[in-house]
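Every read-out reported here was derived from the displayed coordinates using simple, explicitly stated rules and does not represent laboratory data. In this text the structure is predicted, and so the values were computed from the model without any measurement. Using ideal geometry, Cβ is built from the backbone for each residue, glycine included, and neighbour counts are taken over all protein chains shown.
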Amino acid sequence: MEFIKFSFLFILMMGAAHAQTRFSSKSCLESSYKMKMTQKGFLFGLINHSFVIDKRNCIVHITHKKYFPKEWIIDVCREPVHIKVTSATGVDVAKKEGECLKKDNSRDTGDFCSQYFDMMDVMQDDGLIFAQGDRDNLSSDHGKTFCSYLLMRKYLNDSVIFSRYTEVPDIFLDKVRDLPVPTPTVAPVVEGTPAPVETKP
């Protein structure tokens, strides 16, 4: 009887521990899922916003419809780092040519940075904020959105090319950028004789 009670408690504890673990970088990369969210939007809710993530292993396909539909296709296992964009004007490819450091300057750094910031804004505003469920669980909408967001950030921002056949880099860590350390300026020391101090009688 004691063995049965112990076994039952052990199974419950293992199930709880398994339920609380975060998905790994490898399980995120190798996962396939489709999730869709719809929100009431423009004109008192008459026009809905839709946000769809269709992920098949390395390929993340995002569809966003607010006023006009727009799609981004990112293959995180393919070189060079790029984004395929489908809009009303057709399909374009935005290839990474430099770092996208500030959103304010995205128009100056090329089409890639503009698409990167637009897509990540959609992921955050329409995905991460409104997705239901546990962020660390790949079976929830929030977990699926978070997994896609981390993969794309690592690929597009840090230029990490993934592979399903080699060790998967940690998607939860941000790349440490080598920024120049400013040199402190010190006023030069001037040697000389101090001027005599005048004294009044």
- Can you give the relative contact order of the range 28-157 as a percent, counting alpha carbon pairs under 8 Å and 6+ residues apart? 18
- Query: Taking the simple approach of a point 7 Å from Cα along Cα-to-Cβ for both Lys34 and Lys102, what is their distance in nm?
  - Reply: 4.2
- Message: Modelling each spin label as a point 7 Å along the Cα-to-Cβ direction, I'd like the Asp111/Lys95 distance in nm, to one decimal.
- Response: 1.2
- Item | Surface/4 of the Cα convex hull for the range 117-169, nm² | 4.0
- By the mean-Cβ-within-10 Å protection proxy, highest first, 68-76, 32-40 rank as 68-76, 32-40
- Note on the structure: Burial-style ranking of 112-123, 161-172, average other-beta-carbon count within 10 Å with highest first, yields 112-123, 161-172
- Note on the structure: Of 126-133, 144-151, 57-64, ordering from highest average Cβ density within 10 Å down gives 144-151, 57-64, 126-133
- Note on the structure: Calc'd 3J(HN,Hα), the range 122-130, phi into Karplus 6.51 cos²θ - 1.76 cosθ + 1.60 (θ = phi - 60°), Hz, glycine/Pro = x, comes to 5, 4, 6, 6, 9, x, 4, 6, 9
